[in-house]
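A.B. asks: Could you have a look at this structure, given as structure tokens, before my questions?
The values are calculated or read from the model by the stated rules, or taken from the named source; none is laboratory data. This structure is a prediction, so every number in the text was calculated from the model and none was measured. When we count neighbours, we look across all protein chains shown, and the Cβ atoms used for this are built from the backbone with ideal geometry, even at glycine. Remember, those area values only see protein heavy atoms, side chains included, never the ligands or the DNA or RNA. Shrake-Rupley method; radii C 1.70, N 1.55, O 1.52, S 1.80 Å.
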Amino acid sequence: MSDDPNSPPPATGPDKPHKGSLARDAIFALAGGLAIFVIGTLVIDAGWIRDRKGSDGDDETGFQQAAYFQPPMSSAIPDGPSGDAIRRGEAIFMNTPANASDFVGNTLSCAACHLDGGRRPDSAPMWAAWVAYPKYRSKNKQINTMEDRIKGCFTYSMNAQASPHGGPPPAGDDVYKDLQTYMHFLATGAPTGVDMPGSGYPDLEKTPLGYDPARGAQVFAANCAVCHSADGQGRTDANGRSVFPPLWGPRSYNWGAGMARVNTAAGFIKANMPLGQTNRLSDQQAWDVAAYINSQERPKDPRQTGSVAETAARNHAGEETFYGRTYQGRLLGVGAQPVRARAEPFNPATGR
């Protein structure tokens, strides 16, 4: 066992894929004073019903679930070797630092950005991604297979450059096979060659005011800090496992991740945050808080071989990003420095 407090928990076989999700939702409920929500999350976590974006019919925002593809639930995973691979893929997806620890350099899991185990519409669901690949991606200017796409997630979102392996899983690794088998399962019955509603993250139009990190700091304090902590470093459970992910700093996604773009983060936030309160924030608030989050330092872009300015010109031209910009006297993109302490555990008694 490593003595480094920043190292992820050791992989001792697939962890329970949804472990921590009940704690996360219950923490949110207690912190927000929504005691009734605890009961709801108990039922959701047991698998009897799904939350707002997984229910049938309309929610209070007029959300019509029937308009979206309905992926199978975990209870439909078959027995046998294929089912075993699906379950391993689900376990990796839900708790990547524990179940693919050699290739993860932070505390993020796939499920941090793809909610409800990759099922939730408008949260870049896996059922939509599976039927969209292979396809051309401007990010690397080539046709990408699904394995290529997953490799990119490890490289940027999971900051594999800081992992024990020093990079993403090698080509053909079982991690790719199991994740793809899980995604294939989620896409059971999904059409190909069709623009599926709910795929990706919503595209938010820019507001007349533009975006402002200073305004976003106020939005963050009022809506996000209770779960992600005032310093943005997230919350962990008693075992040090991430319950709410860090949003910046050395344990978060790096500058090359899609979520580091302000527009991408704004769309995700608008559709999915605060947790359990879909579309509560206005478009302006979503843009501003995304700008606040992404104006903080984070791990360096792994594509950087020269200066930040050279990398900004080569890899970030035309993006809505703070990479390579000077904000509050700091050049952003140099990379966050490692820290020793893990994210602070949430204390339900104090709400902090």
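A.B. asks: Considering only protein heavy atoms, what is the solvent-accessible area of L331 at a probe of 1.4 Å, reported in Å² to the nearest 10?
C.D. replies: Rounded to the nearest 10, the figure is 80 Å².
A.B. asks: Let me ask something additional. Among 179-191, 310-322, what's the highest-first ranking by average C-beta atoms within 10 angstrom per residue? Numbers along the way, then the final one.
C.D. replies: Numbers: 179-191: 20.3, 310-322: 16.2.
The packing order, highest mean first, is 179-191, 310-322.
A.B. asks: Would you mind telling me the share, in percent, of accessible area of the stretch 203-352 contributed by carbon and sulfur at probe 1.4 angstrom? Present the calculation step by step, with values, prior to reporting the outcome.
C.D. replies: Values: 3360 of 6550 Å².
Reported share for carbon and sulfur atoms: 51 percent.
A.B. asks: At 10 °C and 1.306 mPa s, grab the translational diffusion coefficient of the stretch 226-294 from Stokes-Einstein with a Kirkwood Rh over Cα pairs, rounded to a whole number in µm² per second. Don't jump to the answer; show the numbers that get you there.
C.D. replies: Details: Rh = 12.5 Å.
Value of D from the Cα-based Kirkwood radius: 127 µm²/s.
A.B. asks: Here is a follow-up. Can you pull the one-decimal nm distance between simple spin-label points at S82 and A317, each 7 Å off the Cα toward Cβ?
C.D. replies: In this crude label model, S82 to A317 measures out at 4.7 nm.
A.B. asks: Report, by chain and number, residues whose modeled amide H sits under 5 Å from the one on N144, excluding near sequence neighbours (fewer than 5 apart, same chain).
C.D. replies: Sorted by chain and number, the residues that satisfy this are K135, Y136, R137.
A.B. asks: Please compute the net charge surrounding Q218, taking Lys and Arg as +1 and Asp and Glu as -1 over other residues with Cβ under 12 Å from its Cβ. Spell out each step's value before the answer.
C.D. replies: Working: positive: R215; negative: D212, D288.
After counting each charged neighbour, the total is -1.
A.B. asks: Heavy-atom accessible area of M73 with all protein chains present, probe 1.4 Å, nearest 10 Å²?
C.D. replies: Roughly 70 Å² of M73 is accessible to a 1.4 Å probe.
A.B. asks: Residue by residue, what Karplus-based ³J(HN,Hα) values in Hz, rounded to whole numbers, does the stretch 301-315 have, using 6.51, -1.76 and 1.60 with θ = phi - 60° and x for Gly and Pro?
C.D. replies: Values per residue, Gly and Pro as x: 5, x, 7, 6, 10, x, 7, 4, 4, 5, 5, 4, 5, 7, 10 Hz.
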